[in-house]
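Have a look at the structure below, then the notes.
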Amino acid sequence: MLACVASVGICLAYALMGFVPMFAADPMSAKQFKNEYFEPYQRAAYLFRFSFAVMVGMLPIVLTLWWYYKKRIYMWLALAMIFLLMISLARGASLSGVLVFVGVLAARKRWTGIAFACFLGVIFPIGSASYLILGLLTGIERFGSFYSLDSIASIIGSGTPDIADQIEFLQGFSQYSPFTYGKTMVGGLVPSNYMWNPSVWTLTYNDIGADISEMVTGGLRLTTALWGYVNFSWLGVLLIPALSGFITGVFLRALKGMNFQDSIVSAILVMMIYTTVGKFFIEFYVLSIHAIPVIASIMYVCFGFGMKKKRFKSSDLLSQNKV
């Protein structure tokens, strides 16, 4: 039900916006909803973000239900969700759910787990070059315009320029910007491109409050230690990663005590609790309002819908050990 509602919602959002990022004249600007795509996006921003977040959370569950119950309706629904996510050009969101599902399957045996780890070592570099590959397949030059074609390493680096971006950011921040003292830790809970939203602030740290509607980027991805530094200087470098690591340990300890023997469905639900609720608290230094819909949907599936024992056995949804 949630997957269907989210799928219909994102289709309606595309219709209200009047464009689909993959098929837009300027796909990269459309992906980030910048330049001429900013105003149309505002018409459906909340509907799109809500539907998108719920779809990302529901995808691995729908795939697992297809594997467990062998019903084609789940397969077709999962394929439709993957397609709707892919045409948004959000690389991570499109395949992260599939990777979680495959990873849970692979983890049941030692050799398949090792094979899956090796597979990740291949798929992520390919993902970095995915826009270039998409440009070659579609003939749209804008997809590959920002890639350096000097070597395979330069292609991969162009697709995920995080290290170069962080070095450039740190150089600029150290020369100009004051510390945020926690403002960016909660700024993501305020909607509509709030100036202390982490994604907004990393683009405007030297001009707080500047208009980002024409900046074709979704913000920079900083490391935990770097977020600690920009918030509380070197003290933050020590404390924020330490606290994040402690919270990670708490969640992993809880996962270790779970009983995954009942069914793969229980395993995937516990994994989704970790990747949604767990990630929200582990990454407390970049809280985001966009995480709330998917957290609510996952918790509803696990503890609301899953408690209706007339329709589902409890062992199918959650293990005997409580989360």
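Worth a mention:
- Under-22-angstrom lysine pairs by C-alpha in the chain, whenever the two are 8 or more apart or on separate chains: 18
- Size descriptors for the chain (Cα atoms only): Rg and Dmax, in that order, 20.6, 63 Å.
- Estimated inter-spin distance, K183 and N35, nm [label 7 Å along Cα→Cβ]: 3.0
- Solvent-accessible area, 1.4 Å probe, carbon plus sulfur percent, for the chain: 67
- Packing rank of 63-74, 220-231, where each peptide gets the mean count of other beta carbons within 10 Å, highest leading: 220-231, 63-74
- In region 53-113, the alpha-carbon atoms span a convex hull of 76 Å³ per residue.
- Inter-part distance, region 212-253 to region 29-49, computed on C-alpha centroids, equals 27 Å.
- FRET E, pair V250, Q166, Förster distance 22 Å, beta-carbon r, rounded to 0.05: 0.20
- Modelled this way, with points 7 Å down the Cα-to-C-beta line, the labels at I126 and V190 are 4.3 nm from one another.
- Helices of the chain meeting both criteria, an alpha-carbon length of 24 angstrom or more along the long axis and an average Kyte-Doolittle score not below 1.0, with helices taken as full DSSP H segments, are 45-69, 110-128, 224-256.
- Largest-first ellipsoid semi-axes for region 1-150, taking √(5λ) over the Cα gyration tensor eigenvalues, angstrom: 28, 23, 11
- Column: log10 I(q)/I(0), Debye, Cα scatterers of region 186-231, q = 0.14, 0.16, 0.29 Å⁻¹: -0.31, -0.40, -1.19
- Inverting the pair-averaged 1/r between distinct Cα atoms of region 89-203 gives 17.4 Å as its Kirkwood hydrodynamic radius.
The values are calculated or read from the model by the stated rules, or taken from the named source; none is laboratory data. No experiment lies behind these values; they were computed from the predicted model shown. Because the Cβ atoms are built from the backbone with ideal geometry, glycine has one as well, and the counts that use them run over all protein chains shown. Remember, those area values only see protein heavy atoms, side chains included, never the ligands or the DNA or RNA. Shrake-Rupley method; radii C 1.70, N 1.55, O 1.52, S 1.80 Å.
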